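First up is the structure itself, then whatever we jot down about it.
Please treat every number below as a calculation from the coordinates, not as lab data. From a predicted model like this one, the values you see are computed outputs, not experimental measurements. Using ideal geometry, Cβ is built from the backbone for each residue, glycine included, and neighbour counts are taken over all protein chains shown.
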Amino acid sequence: MAKTLIYTALLSEAQPVINFLKLKQDNSTQNLPQSNKLFKDENDKYLLIVSGVGKDNCIKSLEFVYKNYKISKAVNIGIAGCSDSSIKVGTLFCTNRLLPKINFAPVTTLDKPLDSDESLETLLVDMEAKYFCEFSKKYCKDIYCFKVVSDYLDIKIPKKAFVIEIIEKCKEEWKKYL
């Protein structure tokens with residue numbers, strides 16, 4: 001049976017989804033990339049993977065998922081820095097398609113945190129979205145990339161409780177796309 005893949009880099013990004021869908025961690029999966037965490041629901045409809053930050057972690061986890069599972073929809077939920085301080089922290093964006101009642105903005109994916117918007121040509125910046133979308137397009141047509149504004153180009157990863165809170169607060173917006 002084809003599943004909906006939910007991809008996050010951080011466990012704190014995944015926690016609101018895990019709670020909402022009542023997912024359980026699967027510790028029995030063989031060959032799971034090191035430091036990845038895999039979660040499933042009891043109906044075998046959803047598969048959530050937490051990869052760790054950055055390109056290499058993202059690619060390794062997606063290679064594993066697409067090699068071992070049939071995916072009908074791929075959803076990335078995560079945090080992003082924002083170059084415009086007039087946009088409220090906690091604002092949800094879809095970065096790869098126009099959706100009703102959800103903000104749209106392209107995202108720049110970088111390998112290192114950005115502390116200045118000098119060379120940034122987009123509103124949002126993260127460390128996985130580009131790789132998630134490019135890789136998933138090879139296997140799946142129904143792809144969503146959701147980013148929640150977490151900071152204004154601060155190089156520190158926000159505290160776990162804060163990330164959980166801002167993703168949880170916009171759940172009503174993203175949940176219908178799972």
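Tell me, yes or no, whether segment 62-69 has at least one residue that is under 19 Å from Lys159 (Cα atoms), outside any loop (DSSP other than H, G, I, E, B) and not aromatic (Phe, Trp, Tyr). Within segment 62-69 (the criterion being under 19 Å from Lys159 (Cα atoms), outside any loop (DSSP other than H, G, I, E, B) and not aromatic (Phe, Trp, Tyr)), the answer is no, since none of the residues qualifies. Note on segment 39-56: among residues that are under 13 Å from the mean Cα position of the chain (by Cα) and touching a residue at least 60 places away in the same chain (Cβ under 8 Å), the one that is surrounded by the most Cβ atoms within 10 Å (Cβ to Cβ) is Ser51. Please find, within segment 15-25, the residue that is farthest from the chain's Cα centre (by Cα) out of those that are surrounded by 15 or more Cβ atoms within 10 Å (Cβ to Cβ) and free of Cβ contacts under 8 Å to residues at least 60 places away in the same chain. Going through the qualifying residues, I end up with Leu23. The set of residues in segment 152-178 being in contact with a strand residue (DSSP E or B) (Cβ under 7 Å, 6 or more places away or on another chain), over 22 Å from Leu98 (Cβ atoms) and either assigned to a helix (DSSP H, G or I) or of a type in the set (Phe, Trp, Tyr) (or both) consists of Tyr152, Val163, Ile166.
Residue count for segment 119-151 under the criterion of being part of a strand (DSSP E or B) and of a type in the set (Phe, Trp, Tyr): the result is 2. Residues in segment 83-97 that are in contact with a helix residue (DSSP H, G or I) (Cβ under 6 Å, 6 or more places away or on another chain) and either free of Cβ contacts under 8 Å to residues at least 40 places away in the same chain or in a strand (DSSP E or B) (or both): how many? Going through segment 83-97 one residue at a time, the tally reaches 1. Just one of the listed residues (Phe104, Phe146) is buried (at least 19 other Cβ atoms within 10 Å of the Cβ) and closer than 30 Å to Ala2 by Cβ, namely Phe146.
Scanning segment 30-38 finds no residues that are under 21 Å from Pro158 (Cα atoms), under 17 Å from the mean Cα position of the chain (by Cα) and hydrophobic (A, V, I, L, M, F, W, C). A single member of Ser28, Ser35, Ser12 is without any contact (Cβ under 8 Å) to a residue 12 or more places away in the chain, of a type in the set (S, T, N, Q) and either surrounded by fewer than 21 Cβ atoms within 10 Å (Cβ to Cβ) or in a helix (DSSP H, G or I) (or both), and it is Ser28. Quick check on Phe132: is it in contact (Cβ under 8 Å) with a residue 12 or more places away in the chain and within 18 Å of Leu48 (Cβ to Cβ)? Yes, satisfied.
For segment 63-75, residues that are within 20 Å of Leu21 (Cβ to Cβ) and either of a type in the set (D, E, K, R) or in contact with a Ser or Thr (Cβ under 7 Å, 6 or more places away or on another chain) (or both) total 5.
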